[in-house]
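Enquirer: Dumping the structure here so I can ask a few things about it.
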Amino acid sequence: MGVPNVISGRANAYLSLAVRDRFSVFVGYGRDWGPRADSELYTLGWGGVRPVPAAVRQRGFHGKFVRYRRWYHDEHGLHHGLSLGTESGFGPLGFALEVGAARSARDHWLAVAQLSLKVALPILVPLGD
């Protein structure tokens, strides 16, 4: 078992679909870049963009997710893995926590334990009444 990257960069795009304030899901795609491994991320979660009560009108994001990750490790090749996490944001700033693991065909394991600070742009596009 090993830690693929101590520090990495990531870009994600999420689409959140909501039925009023009762239920919402989101899907996403992302990429990680690091010194020892890069990965593709496919995310399915519940939560989404919501108005946040504050002195200035803002939007926030909160969600829980399951993520499939395909790692490309420099030394050990392709790994497939799953992780669970949560993320919250207020305006453009956010925080995320994620834990999981990935395994290669050669039985090499990679651990995922991430604390992330995020800069995001939550955008609400109303599609109906």
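Enquirer: Please name whichever of ALA102, TRP46, HIS79 sits farthest to the positive end of the charge dipole of the chain, dipole taken about the Cα centre and charges placed at Cβ: Lys and Arg +1, Asp and Glu -1.
Expert: TRP46
Enquirer: I would also like to ask the following. What percentages, rounded to whole numbers, describe P(r) for the range 9-119 computed over all alpha carbon pairs with 5 Å bin width beginning at zero?
Expert: Going from the shortest bin to the longest, the percentages are 3, 11, 20, 23, 16, 11, 7, 4, 2, 1, 0.
Enquirer: For the range 1-108, with only Lys/Arg (+1) and Asp/Glu (-1) charged at the beta-carbon, what is the dipole magnitude about the Cα centre, in debye rounded to 20?
Expert: Dipole of the range 1-108, to the nearest 20 debye: 460 debye.
Enquirer: Give me SER16, SER88 sorted ascending by neighbouring Cβ count inside 10 Å, so fewest comes first.
Expert: Lowest to highest Cβ neighbour count: SER88, SER16.
Enquirer: Set Lys and Arg Cβ to +1 and Asp and Glu Cβ to -1, take the dipole of the chain about its Cα centre, and tell me which of PHE65, LEU93, ALA55 lies farthest positive.
Expert: ALA55
Enquirer: Next question. Mind putting a number on the dipole of the range 59-99 about its Cα centre? Charges go on the C-beta only, +1 for Lys and Arg and -1 for Asp and Glu, and I need it in Debye to the nearest 20.
Expert: In total the dipole reaches around 260 debye.
No value in this document is a laboratory result; all are computed from the given coordinates. Since this is a predicted model, take the numbers as computed values, not measurements. In this analysis, Cβ positions are derived from the backbone assuming ideal geometry, glycine residues included, and neighbour counts consider all displayed protein chains.
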